[in-house]
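The values are calculated or read from the model by the stated rules, or taken from the named source; none is laboratory data. Since the structure is predicted, the reported quantities are computational estimates derived from the model, not experimental observations. Cβ: placed from backbone, ideal geometry, glycine included. Neighbour counts: every protein chain shown. Quick note on the areas: whole protein, heavy atoms, side chains included, nothing else; ligands and nucleic acids left out. Shrake-Rupley method; radii C 1.70, N 1.55, O 1.52, S 1.80 Å.
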Amino acid sequence: MGGAAVVGLVTGAVLVVTVLVAVVVWSVRRRRGRAADAAAELDRLGVRAGSALVRADERARLAEDELAFAEAELGTEATADLAGHVRRAREHVGEAFHLNQLLHDHVPDTDAERREWSARIVGLCTDAEAVLDSLESGLAERRRTARATPAALDRIAAEVEKVRGAVPAARDDVAELATRYAPSALRPVADNPAQADRLLEFAGRGLAAARRKLDDGEPTQAAATARAAEESVNRAQGLLKAVRDFEADALTAEAALGAMVAESRSELAQARALPAPQRAGAVDAAATALQSALDALPAPGAPQDPVGSLTQVRQANTALDDAVRRRLEADDRARRATAQLAPALDDAERQVAAARAVVDDYRAPVGPDARTRLAEAQRELSAARSLSEPERAVDAARRAAALAAEAATLAHRDIARTHHGQSWGTQHAGHRPRGGGMGGMGGTGAFGAVLGGMVLGGILDDIGDMGDLFD
């Protein structure tokens with residue numbers, strides 16, 4: 001090998017080694033960089049956890065002081081439900097302090113443990129601050145309510161006087177309405193002025209009690225009592241409004257009653273124009289009830305009860321509509337059934353005759369299933385001929401045809417089995433016929449039929465008196 005070749009080989013080797021060294025150095029630096037990034041991220045998480053813990057602990061201490069101030073201002077009973085917020089926040093912060101102690105004790109921790117515990121500390125402090133936010137909102141709402149209570153009491157007292165001033169006018173309205181409307185019509189509003197008086201008296205006592213609570217330093221209880229008084233005033237206003245609205249509602253009902261009376265008289269005339277058979281029963285009874293409702297209406301000029309009268313006439317009108325509709329539907333069904341009855345009877349008679357022809361063929365035995373279907377078909381056909389109601393007669397005829405068709409199908413199946421050397425009894429039991437010379441003799445012809453009858457008779461003798469069916 002020449003000198004130039006040796007130099008080339010050495011140069012190549014040096015180049016390869018250089019590249020390998022560069023790759024190793026790059027890989028080491030990359031690993032160190034990732035480790036440094038992970039360590040920095042873990043340090044940042046630790047700093048975040050520490051800051052969150054300090055902030056949550058400080059807020060918990062301030063919340064305890066704030067709750068104590070609120071108890072002094074609003075009363076212990078008014079803030080009792082908020083004390084649990086501070087307790088839950090302290091539980092979260094206490095668990096976070098325990099994890100922080102694990103991070104800073106003398107026992108070495110893995111990076112995974114430091115990461116998990118630091119993240120848990122952040123989560124616990126977040127939960128604690130959410131609980132404290134809810135506490136602060138509750139305290140602020142209670143303070144707003146307590147501070148607004150004196151003004152609210154003055155406003156409610158003014159409403160009480162205003163509504164009380166409207167009670168005499170409501171009494172006069174009820175007395176005037178009594179000259180035009182029947183007692184039954186006024187029953188929903190007749191006692192409204194008296195009820196409003198009672199509610200206003202309760203509201204006045206509630207306002208007095210609320211002012212005493214304020215004087216005793218219990219603003220929250222005062223606010224609750226004020227709300228009860230305000231609700232009583234609102235109910236009293238509603239009662240008086242019902243008196244004012246009564247006549248408008250009564251006039252609306254009266255107009256509707258006039259239209260309903262005219263409609264009812266027209267429908268009565270239509271019902272009475274129906275043929276006597278269609279009117280009989282429910283239609284006549286409903287028409288009589290509607291006529292009674294119309295006759296019971298007060299005479300013109302007499303005290304009225306528009307709402308009650310409208311309700312009675314409407315109910316009777318609806319009952320007559322339903323009775324006529326049901327009767328017409330029944331008549332329509334009967335007409336269709338009458339048209340269908342003759343074809344249904346013809347079909348049933350043909351089916352029964354065909355099935356009887358198969359079952360009565362003594363050349364091959366027919367089992368009890370087919371004979372039972374045929375007997376049921378004949379019974380249904382007899383019923384169809386005797387029933388006076390077309391719908392029921394058609395149903396019976398169709399059942400007779402279906403049963404006869406089943407009887408024929410079962411009979412043909414029994415005959416086919418006999419021709420193949422099987423008896424209907426063993427086949428129905430799910431067994432094949434036994435082997436032997438006798439099985440080959442039952443194929444076709446008179447001898448096979450007679451032999452089949454003998455075998456069948458023997459089976460029926462074993463069963464009992466059912467053998468008489470095949471005599």
So, with points 7 Å from each Cα along the Cβ direction, the Ala68-Ala4 label distance in nm works out to 9.8 nm
Taking 158-168, 394-404 and ranking on average Cβ neighbours within 10 Å, highest first, one gets 394-404, 158-168
Plugging the Cβ-Cβ distance of Leu251 and Ala296 into 1/(1 + (r/R0)^6) at R0 = 22 Å yields, to the nearest 0.05, a FRET efficiency of 0.60
Whole-Hz Karplus couplings 3J(HN,Hα) for the stretch 82-92, θ = phi - 60° and coefficients 6.51, -1.76, 1.60, Gly and Pro as x, run 8, 4, x, 5, 5, 4, 5, 4, 5, 5, 4
For the stretch 295-407, the accessible surface attributable to carbon and sulfur atoms (probe 1.4 angstrom, ligands and nucleic acids excluded) amounts in percent to 51 percent
The stretch 261-303 accessible area per residue, 1.4 Å probe, protein heavy atoms, integer Å², reads 56 Å²
Quick calc, Ser134 & Val54: beta-carbon distance into FRET formula, R0 22 Å, rounding 0.05, result 0.55
Scalar couplings 3J(HN,Hα) for the stretch 274-284 by Karplus 6.51 cos²θ - 1.76 cosθ + 1.60 (θ = phi - 60°), nearest whole Hz, x for Gly and Pro, are 5, x, 3, x, 6, 7, 4, x, 5, 5, 4
Between Gln304 and residues 5 or more places away or on another chain, the pairs with built amide H atoms under 5 Å apart involve Tyr181, Ala182
Of the stretch 380-418, those with amide N under 13 Å from the point 7 Å along the Cα→Cβ vector of Gln340 are 390-399
Hits in the stretch 208-247: amide N under 11 Å from the 7 Å Cα→Cβ extension of Arg180, namely 246-247
Applied in sequence order to the stretch 101-111, the curve 6.51 cos²θ - 1.76 cosθ + 1.60 (Karplus, θ = phi - 60°) yields integer Hz couplings, x standing for Gly and Pro, of 5, 5, 6, 10, 7, 7, 7, x, 10, 6, 4
Note: Glu201 to Asp332 extended length (0.36 nm per residue) minus current alpha-carbon separation gives 40.5 nm
